[in-house]
Amino acid sequence: MSTESSFRHITVLLDEAVDSLAVRADGCYLDGTFGRGGHSRLILRHLGEEGRLLGFDKDPQAIATGQALAAEDGRFVIVQRSFAEMAGELAERGLAGKVDGVLLDLGVSSPQLDDAERGFSFLNDGPLDMRMDPTRGVSAAQWIATAPEDEIARVLKEYGEERFAKRMARAVVQRRAEKPFERTADLAAVLTVANPAWEKGKNPATRAFQGIRIHVNNELGDLERGLEAALENLAVGGRLVVISFHSLEDRIVKLFMRKHAKGEADKLPRNLPIRPPAFDPRLKLLGKPQFASEEELKANPRSRSAVMRVAEKLR
């Protein structure tokens, strides 16, 4: 097994994200995707003695890093749960509706991608797993071994945005009848042959691997639940900061923030003298979407697809 220290993680939009939280010294904050703690450590530098920070992550290696940080700093607590489950955790801690900022840095971390043993990579051979938490749920190998062809095609098309999803799914099902898929390189090779039109500069298995990873980890479902939970648990004036890395995530975030920034005033009769509070906006959008700077892009090419959106809770 590769050691944790072997893989470096560069936090994307580090200063921009923490600045957008507008951290108060005595505030309570939630880092929903702790990773290797880049954002959390900077948030802690802005907090005073009364401040609190909760970190969430599903990845056992991230949790180990978080536990080390918690041992050093009593203002920090790490929780091994999806950020989609934040409501229950906050209620247990008496913090429901009292959070001053929620940060979500979505997708996979560099150590997860770079460590072939985690099974996320189509470039480096490893066990076909792809789970953020390898101790829970169904691995990619298990899912591919049993999923119907039409389900595999749907996942590759919807979550991977793969044009040749049906063709790839058919190739996977035909090959698994002879021998089950157990390694990432094996699956990548079959997907590569089944892809008739390679995109310049992109591995032909990229989109398919993305789709399978998103499905195995229920990433979009967690995001939708997590956004709703964040809105309910933010205090008035609290900030929601979300960094997305592909169009499916960003679309969910954009539509969620727009919906709650617009309210439902357009559903009311124009001559209504009193506006019911339920129809007023709950969020205010802060600025335009932010992207990595040229300097950051040079230092970390993986930041090229990052999009950050920020909103503030109004009620």
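The values are calculated or read from the model by the stated rules, or taken from the named source; none is laboratory data. The model shown is predicted, which means the values in this text are computed figures rather than measured ones. Don't worry about glycine lacking a Cβ; one is built from the backbone with ideal geometry, like all the others, and counts go over all protein chains shown. These accessible areas exclude ligands, DNA and RNA; they are computed on the full protein's heavy atoms, side chains included. Shrake-Rupley method; radii C 1.70, N 1.55, O 1.52, S 1.80 Å.
If you take the alpha carbon atoms of the chain and fit the smallest convex hull around them, that volume is 156 Å³ per residue. Mind checking which of Leu47, Gln80, Leu13 is farthest towards the positive end of the chain's charge dipole, using Cβ charges of +1 (Lys, Arg) and -1 (Asp, Glu) about the Cα centre? Of the candidates, Leu13 comes out farthest on the positive side. In this simple spin-label approximation, Ala25 and Phe279 carry label points 7 Å from Cα along the Cα→Cβ vector, and these lie 4.5 nm apart. From largest to smallest, the equivalent ellipsoid semi-axes obtained for the stretch 1-157 from the alpha-carbon gyration tensor read 31, 18, 14 Å. Under 12 Å from a point placed 7 Å out from the Cα of Lys202 along the Cα-to-Cβ direction: which residues of the stretch 160-175 have their backbone N that close? 160-164, by backbone N distance to the label point. For the stretch 134-203, applying the loop criterion from DSSP together with a ceiling of 14 other beta carbons within 10 Å to the trypsin sites (Lys or Arg not before Pro) yields Arg136, Lys200, Lys202. At q = 0.19 Å⁻¹, work out log10 I(q)/I(0) for the stretch 120-215 with the Debye formula, treating every Cα as an identical point scatterer and leaving solvent out; two decimals please. Summing over Cα pairs of the stretch 120-215 leads to -0.82.
Taken along the Cα-to-beta-carbon direction at a fixed 7 Å, the label points for Gln174 and Arg304 span 3.3 nm. Taking each DSSP H run with n ≥ 4 as -39500 (n - 2.57) and averaging over every residue of the chain yields -12000 deg cm²/dmol at 222 nm. The mean accessible area for residues of the chain, using a 1.4 Å probe and ignoring ligands and nucleic acids, is 49 Å² per residue. Given +1 at the Cβ of Lys and Arg, -1 at the Cβ of Asp and Glu and no other charges, the dipole of the chain around its Cα centre is 1140 debye to the nearest 20. Across Leu69, Leu297, Leu234, mean-square fluctuation computed from a Gaussian network of the chain (C-alpha pairs under 10 Å connected) peaks at Leu297. In summary, the lysines within cross-link reach of Lys284, defined as a Cα separation below 23 angstrom excluding same-chain residues under 8 places away, comprise Lys98, Lys254, Lys259, Lys262, Lys267, Lys313. What is the percent carbon and sulfur in the accessible area of the chain, measuring with a 1.4 Å probe over the protein chains and ignoring ligands? The nonpolar share, carbon plus sulfur, comes to 51 percent. A Cβ-based charge dipole, computed about the Cα centre of the stretch 120-215 with Lys and Arg at +1 and Asp and Glu at -1, lands at about 220 debye.
Sparsely packed loop sites in the stretch 7-65 (the GluC sites (Glu not before Pro) outside DSSP H, G, I, E and B with at most 11 other Cβ atoms within 10 Å) comprise Glu49, Glu50.
Where Lys and Arg each count +1 and Asp and Glu each count -1, what net charge lies around Ala17 among other residues with Cβ under 13 Å from its Cβ? With Lys, Arg at +1 and Asp, Glu at -1, the neighbours total -3.
Placing a pseudo-label 7 Å from each Cα along the Cα-to-Cβ vector at Ala261 and Arg136 gives an inter-label distance of 3.2 nm. Shown is the FRET efficiency for Ala145 and Asn124, computed with R0 = 25 Å from the Cβ-Cβ distance and rounded to the nearest 0.05: 0.70. Beta-bridge orientation, the chain: approximately 40 percent antiparallel, per DSSP, counting only bridges with both partners inside. Taking a sphere under 10 Å around the Cβ of Asp26 and counting the other residues whose Cβ falls inside, with K and R at +1 and D and E at -1, yields a net charge of -1.
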